[in-house]
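**Student:** After the structure tokens below, expect a handful of questions from me.
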């Protein structure tokens, strides 16, 4: 690991505040990455992302490889020029997406054989190719290929999967050729404490620039996920950035920061926005702008928010957009939700610096107690499958 990429500036208990340096600039931690799976955060352009304080975005290697093709992106100047986003970009290796293909894949020692979800074409992804694809895309932070087992596997099956992930991690490091690109390793081990401990020990012994916690939020209950964080995060390298993959309700974020996690990504703020669910700072954690009670409301989504959606448009107007099927409605709520998340992360960083994170943690925990953020925000027709 190259020293100086990650600097811890303040700590409050296990929570930390720091800065991570990439070839495309620095980003503060803890931080949240909007999900731009296919090179675009759904409904939000780069200018708007910058305006709300976004510092780093996530793209997905699998989807960009399938369409338009990594060579296509490379020919158009690489991922930053292709997308218009000049700040840091992290790419998921695509392992989770291939795991999600289920019956369309076959996992071997060499890699994963699968069929494209678009046209059924046979493809093969090895740890070496995953690194090469991410280097060709030109991302700032790449992820090693891993196997992400579902939550209901037996101990023996999870152990076998972990062993494969560890061997793939070693191969991924050997395949890396670009010094300007960071490479993160991924821990696995399901909900088994001893497997998580071994995963942490072996991944941290390798020369990765950061460590990601994988295999959570894959069907296990929330209290089990928090329990895993409780015993797993202390085993992770203390001087490297720690990334919790695919987890991102406000309560999940503060719980994870309390354990020492630095980086997050999740589709919740964007997906919720498309379904009309807006996070607010008032008495309620969120509102559904499609509800009839907002039809004549001459007030912004959130009185305390300075995003474009709240500065310029009323709840009544955005309600009308949703009822009329206008695409601007979901865009405005998505912009607002991401602004809300960026504000949350800034508040967390300030609280850690001030030694007041405990108070903020308790406030957020109580605010979202018993609240199911994801309820009612799943596309029954499968239209959101490519977002993750």
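Laboratory data are not the source of any read-out in this text; all were calculated from the coordinates shown. These figures come from a predicted structure and were not determined experimentally. Glycine gets a Cβ as well: all are built from the backbone with ideal geometry, and neighbour counts include every protein chain shown.
**Student:** Can you give me the Cα centroid spacing of region 51-130 and region 223-278 in angstrom?
**Tutor:** 22
**Student:** How much length is gained if the chain between residue 295 and residue 21 is pulled fully straight, taking 0.36 nm per residue apart and subtracting their Cα-Cα distance, in nm to one decimal?
**Tutor:** The residue 295-residue 21 span can extend by a further 94.1 nm.
**Student:** Taking only Cα atoms, what is the 0 to 90° angle, nearest 10, from helix 127-137's long axis to the longest principal axis of the chain?
**Tutor:** 50
**Student:** Now, a different point. Calculate, in nm to one decimal, what residue 369 and residue 328 gain on full extension: separation in residues at 0.36 nm each, minus their alpha carbon distance.
**Tutor:** 11.6 nm
**Student:** Evaluate the distance, in nm, between pseudo-label points positioned 7 Å from the Cα of residue 353 and of residue 230 along their respective Cα→Cβ axes.
**Tutor:** 3.2
**Student:** Next up: What length, rounded to one decimal in nm, is gained on full extension from residue 8 through to residue 121, with 0.36 nm per residue of separation minus their alpha-carbon distance?
**Tutor:** 36.1 nm
**Student:** To continue, here is another question. Would you mind calculating the relative contact order of the chain from Cα pairs under 8 angstrom and at least 6 residues apart, reporting the percent as a whole number?
**Tutor:** 18
**Student:** Another question, then. Nearest 10 degrees is fine. How inclined is helix 222-232 to the longest principal axis of the chain, computing both from alpha carbons?
**Tutor:** 50
**Student:** If packing is taken as the mean number of other Cβ atoms within 10 Å per residue, what is the order of 33-39, 341-347, highest first?
**Tutor:** Highest mean packing first, the order is 33-39, 341-347.
**Student:** Take each of the peptides 163-173, 364-374, 83-93, 259-269, average the number of other beta-carbon atoms within 10 Å over its residues, and list them starting from the highest.
**Tutor:** Order by mean packing, descending: 259-269, 83-93, 163-173, 364-374.
**Student:** To test your reading of the geometry: what angle, between 0 and 90 degrees and rounded to tens, separates the Cα axis of helix 315-324 from the longest principal axis of the chain?
**Tutor:** For 315-324 against the chain, the angle is about 70 degrees.
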